[in-house]
Amino acid sequence: MAILKIARMGHPILKRVADPVVDPTSLEIHKLINDMVDTLADIGGAGLAAPQVHVPLRVVIFHVPGSRLAAEDQIEGQPPAGVPLTALINPVITPLSDEMEEGVEACLSVPGLAGTVPRYNHIGYRAMAPNGTVIEREARGFHARVVQHECDHLDGVLYPMRMRDMTSLGFVEELRRFEDKEAED
Ligand code: NI
């Protein structure tokens, strides 16, 4: 087990296009994913991309808690299960609708800040799993947002680069403070 150091905005590794993985089943990739899982568990968060731990390869991990899963993705009559921790290797995203949705995002590589980012609300994604099988899924809402955020890291894109309204960018502590005040008024 290893907890890896997170690269922060300004580090060149976050600006480059990551390389495709040649063999998703290799020991090297399994070790990388295990270390990424340990790192995400330690620091907390919804997802992590390999460039964020200084590895320029097309690998991301993420999970979606049941409470954040879009209503359309839940199974009626069952408690929301969420999306378990998933590793995507060489992922490809296809928007399934033009509809965009604004939502608040934060990033381990941009610590302390959060901002409102437009994302496709409904996507399909396809990737290799570490066991060599193909993962093919549809996602909406927060699930779709997390996958788009993490895959952006593979192309050197950080969420502030996607923002339309920079006035929504702020320190989480301050945003929470004034959000609470607004709720009280
Ligand atoms: Ni991020």
So what is the diffusion coefficient of the stretch 27-134 in µm² per second by Stokes-Einstein at 20 °C and 1.002 mPa s, using a Kirkwood Rh over Cα pairs?
138
What is the extension gain from Glu101 to Arg8, computed as 0.36 nm multiplied by their sequence separation minus the C-alpha to C-alpha distance, in nm to one decimal?
30.9 nm
Anisotropy class of the stretch 1-51 from Cα gyration tensor, a/c 1.5 cut
oblate
Positive-end residue of Val17, Leu113, Ile123, charge dipole of the chain with Cβ unit charges:
Val17
Förster radius 22 Å - calculated FRET efficiency between Ala129 and Ala41 (Cβ-Cβ, nearest 0.05):
0.70
Sum of -39500 (n - 2.57) over DSSP H runs of 4+, divided by residues of the chain (222 nm, nearest 500)
-7500 deg cm²/dmol
Cα pair distances exceeding 28 angstrom across the chain, given as percent
24
Residues of the stretch 97-137 with the amide nitrogen closer than 12 Å to a label point 7 Å from the Cα of Ser168, along Cα-to-Cβ, please.
100-106, 114-120
Could you do me a favour and compute the accessible area per residue for the chain, 1.4 Å probe, result in Å²?
55
Roughly speaking, to the nearest percent, how much of the stretch 143-185's 1.4 Å accessible area is carbon and sulfur?
50
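The values are calculated or read from the model by the stated rules, or taken from the named source; none is laboratory data. Quick caveat: nothing in here was measured; it's all calculated off a predicted structure. Neighbour counts run over all protein chains shown; Cβ positions are idealised from the backbone, glycine included. All accessible areas refer to the heavy atoms of the entire protein, side chains included, with ligands and DNA or RNA removed. Shrake-Rupley method; radii C 1.70, N 1.55, O 1.52, S 1.80 Å.
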